[in-house]
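What follows draws every value from the coordinates through simple rules; no lab data is involved. This is a predicted model, so every value here is computed, not measured.
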Amino acid sequence: MRHPPRLSALLSGAALTMASTAFALMGTASGAAAAPACTVEYSVVGQWAGGYQGAVTVTNNGAALNGWSLGFAFPAGQVVSQGWGGKWSQSGTNVTVVNESWNAALGTGAKITGGFLASWSGANTAPTAFTLNGTPCDSGTPPTPTPTDPTTPPTTPPDHPAHHSPDDAAHHTHPR
């Protein structure tokens, strides 16, 4: 029985090791999470039956921009009637806000805030997904209040022995 030459076996093993290492490195690089392009804070400034005023603050976490477009969709059929801090448009549930000439520059770490008036019926649910120039953003959106939300009183913290009155001292023994 003839054995393959040692050099061929060693080279084959080295090639296999290099290929699997390259595959592992490619898998790690593609699996790494990228920082979000922006962070968005959506809020309801004021709300009344059938309408509300909203605000959107965008922080650019990426490279400086000279021109921007914010996109999001209303989940509950809200309709924007007017807006400021950008050019507002809506098609179906999709809302787009494009910069004005005076606020087109959005540097790294810079914020821009826009506001709007909109109508709603049923529920005034906040949008959950935003994009800046087509790239997904992180959303720091708090829940939107609705007139039907129950209000809950603040909870009382649990009672701790250190906070008892002096009359309770007879019921507790403390090491000295």
Legend entry - Note, ³J(HN,Hα) from phi for the stretch 89-102, Karplus 6.51, -1.76, 1.60, rounded to Hz, x at Gly and Pro: 9, 9, 10, x, 8, 7, 10, 10, 10, 10, 4, 8, 5, 7
Legend entry - Karplus-derived 3J(HN,Hα), 6.51/-1.76/1.60, for each residue of the stretch 45-53, Hz, glycine and proline x: 7, x, 9, 9, 4, x, x, 6, 10
Inset, instruction - Would you grab the residues whose amide H sits under 5 Å from the one on V95? Only those 5+ places off in sequence or on another chain, please, with H modelled 1.01 Å from N. - result: F72, A73, F74
